[in-house]
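The next block holds one structure in the form of structure tokens; read it before the comments.
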Amino acid sequence: MIGLSLDDSDEVVRRFVEKHHLPWRQGRVGRLSRLTASYGVPDQAPFYVLIGPDGKIVLPSASGLRELMGELEKHSATKAPSR
């Protein structure tokens, strides 16, 4: 799992990660990135999207972290593709 911040400042993101002890990788894309436009991310946070290993969107708009984690559990319980 990764988090992508819409903030425009690396420092703001760094302080947020430290304050909330986020256990996952956190990056910053900014509000006007091509990535946010490609996935239809609204100008609000938090916004959760579950993307499968094939790059396809599994859950386009989770209403919260609890829903996202439930979907993540369901999908991680399925057999992972062999390498």
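Matching residues to (1) among the aromatic types (Phe, Trp, Tyr); (2) in contact with a helix residue (DSSP H, G or I) (Cβ under 8 Å, 6 or more places away or on another chain); (3) modelled with pLDDT of 75 or more; (4) surrounded by 11 or more Cβ atoms within 10 Å (Cβ to Cβ):
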| site | (1), (2), (3), (4) |
| --- | --- |
| Leu4 | no, yes, yes, yes |
| Val17 | no, no, yes, yes |
| Gly40 | no, no, no, yes |
| Tyr48 | yes, yes, no, yes |
| Ile51 | no, no, yes, yes |
| Gly64 | no, no, no, no |
| Glu71 | no, no, yes, yes |
| Thr78 | no, no, no, no |
Review point. Taking the stretch 8-31, which residues are under 16 Å from the mean Cα position of the chain (by Cα) and hydrophobic (A, V, I, L, M, F, W, C)?
Key: Val13, Phe16, Val17, Leu22, Trp24, Val29
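The values are calculated or read from the model by the stated rules, or taken from the named source; none is laboratory data. Note that this is a predicted model, so its numbers are computed, not measured. Cβ coordinates were reconstructed from backbone atoms using ideal geometry, including for glycine residues, and neighbour counts include every protein chain displayed.
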